[in-house]
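These notes concern the structure reproduced below.
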Amino acid sequence: MRSGRPRRWLWTGIALGLLNVVVANVHLAGRPIGASTGYPWAAAVLAGLRDSLYFREIDVAGAWELLFLAGGFVGGLLGAFVTRSFRLRTVPALWERTRGPGGGRRLAWAFAGGFVLVLGARLAGGCSSGHVLSGGMQLAASSLLFAVFVLLSFVVTARWFYGGAR
Amino acid sequence: MIVAFLAGVVVALLIQRVGITRFDRVVGFGLLEDFEAPKTVLVAVGVSSLLFLLEFQLGWAVLNVKPLIVAGVVGGGILFGAGMAVLGYCPGTMPMALGEGSLDAGAGMAGGLLAGLAFTEAYPRLAPLLGPDLGDVNLYARSLGATWGWVSLFAVACLAAAFLLDRRRPSES
């Protein structure tokens with residue numbers, strides 16, 4: 001029966017790995033995929049902080065990653081329309097089961113979660129893309145250490161935050 | 001720069017197929033009930049580690065290793081994991097999820113922008129506290145043969161972990 005099972009994760013994983021190797025080619029981007037530097041870059045531009053110490057450090061990488069994020073938005077929209085799965089939604093099903101149906105509460109928690117997430121990524125110097133996917137690809141010590149602590153904190157927090165109500 | 005945009009489009013279209021842009025799938029992993037996301041990531045890292053080493057040795061790619069700044073990586077990793085559990089998206093999947101219509105991902109992006117601003121403001125005082133900086137180290141060995149052996153071992157471990165997770169919790173639809 002095993003052969004009949006969907007292996008979408010396998011083909012998607014292979015394609016994702018290939019893509020990152022292609023992007024890193026010196027004739028293309030010359031650097032692998034990353035996402036989280038786009039946030040402080042955009043924030044600094046919006047707030048007029050282009051002279052800040054941090055902005056000068058991330059100027060090149062941040063602009064690149066903001067374009068990656070923009071592409072992600074377009075790709076998400078495109079894919080959702082092609083598969084006719086686009087739907088405006090605020091409260092995910094699992095959230096509703098465990099934390100209730102309130103849309104305002106969900107948005108407030110998402111805002112707080114996004115703050116902590118990106119703050120963590122900037123402290124660590126990378127995220128799931130730059131550290132885990134791209135750092136893992138290069139066997140970077142920092143990225144492997146990051147992945148271990150993310151996993152621990154992720155599982156503990158998820159159990160504590162959603163587990164009690166199930 | 002066009003490569004960055006196109007890479008974003010392609011990554012979104014790819015990982016959408018596995019549902020990694022969805023809250024339920026990510027938090028399902030946090031609750032150790034759904035392993036589609038880690039299976040996909042493990043395969044991607046395993047496959048790319050071997051291909052990247054080949055590319056690197058042919059001179060078609062340069063290493064881009066992030067520094068091992070111990071307190072920053074550990075503390076940042078702990079915050080990142082907690083944030084991902086509550087939000088259900090990561091920095092890269094937030095705009096993808098918003099594009100699919102998940103408005104909570106938009107709220108997460110607003111929080112992320114504020115965090116980017118706060119970090120930019122605090123950086124001059126914060127940076128000295130994140131160390132010690134052990135440098136841009138990766139696990140490549142001095143000799144070519146040892147590096148190939150080591151990377152092969154790493155790739156096999158990643159793929160084996162993905163298949164073991166799949167055996168324990170097979171994909172449904």
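The values are calculated or read from the model by the stated rules, or taken from the named source; none is laboratory data. From a predicted model like this one, the values you see are computed outputs, not experimental measurements. Glycine also receives a Cβ, built like all others from the backbone with ideal geometry; neighbour counts cover every protein chain displayed.
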- prompt: Which members of the stretch B:45-87 meet the condition of being among the charged types (D, E, K, R) and within 13 Å of A:A24 (Cα to Cα)?
  reply: B:E55
message: Looking only at residues that are in contact (Cβ under 8 Å) with a residue 40 or more places away in the chain and buried (at least 17 other Cβ atoms within 10 Å of the Cβ) in the stretch B:106-139, which one is farthest from the other protein chains (Cβ to nearest Cβ)?
response: B:L130
- prompt: Which is of a type outside the set (S, T, Y), over 25 Å from B:F35 (Cα atoms), within 7 Å of another protein chain (Cβ to nearest Cβ) and in contact with a helix residue (DSSP H, G or I) (Cβ under 8 Å, 6 or more places away or on another chain), of A:A43, A:A35, A:A15, A:A93?
  reply: A:A43
- prompt: Taking into account only those residues within the stretch A:96-129 that are more than 7 Å from every other protein chain (Cβ to nearest Cβ) and in contact with a helix residue (DSSP H, G or I) (Cβ under 8 Å, 6 or more places away or on another chain), which is nearest to B:M94 (Cα to Cα)?
  reply: A:A108
- line: Scanning the stretch B:42-68 residue by residue, the ones that are closer than 24 Å to A:S36 by Cβ and touching a residue at least 24 places away in the same chain (Cβ under 8 Å) total 11
query: Here are some residues: B:A12, B:A7, B:A44. Which one is assigned to a helix (DSSP H, G or I), surrounded by 24 or more Cβ atoms within 10 Å (Cβ to Cβ) and either touching a Pro at 6+ places or on another chain (Cβ under 9 Å) or in the same structural domain as B:G101 (by TED's automatic domain parsing) (or both)?
result: B:A12
query: Picking from A:V74, A:V116, A:V91, which residue would you name as being β-branched (V, I, T) and not in a helix (DSSP H, G or I)?
result: A:V91
field: Count of residues meeting criterion [more than 7 Å from chain B (Cβ to nearest Cβ) and touching a residue at least 60 places away in the same chain (Cβ under 8 Å)] in the stretch A:135-162
entry: 0
query: Restricting attention to the stretch B:15-27, which residues are facing another protein chain (nearest Cβ under 7 Å) and in a helix (DSSP H, G or I)?
result: B:I15, B:Q16, B:F23, B:D24, B:V27
query: When only residues in the stretch A:107-153 that are β-branched (V, I, T) and touching a Ser or Thr at 6+ places or on another chain (Cβ under 9 Å) count, which is surrounded by the fewest Cβ atoms within 10 Å (Cβ to Cβ)?
result: A:V132
task: Could you figure out which of (1) surrounded by fewer than 19 Cβ atoms within 10 Å (Cβ to Cβ); (2) in contact with a Pro (Cβ under 9 Å, 6 or more places away or on another chain); (3) facing chain A (nearest Cβ under 7 Å) isn't true of B:A71?
output: (3)
message: Consider the stretch A:17-55. How many of its residues are within 21 Å of B:V62 (Cβ to Cβ), part of a helix (DSSP H, G or I) and touching a residue at least 60 places away in the same chain (Cβ under 8 Å)?
response: 3
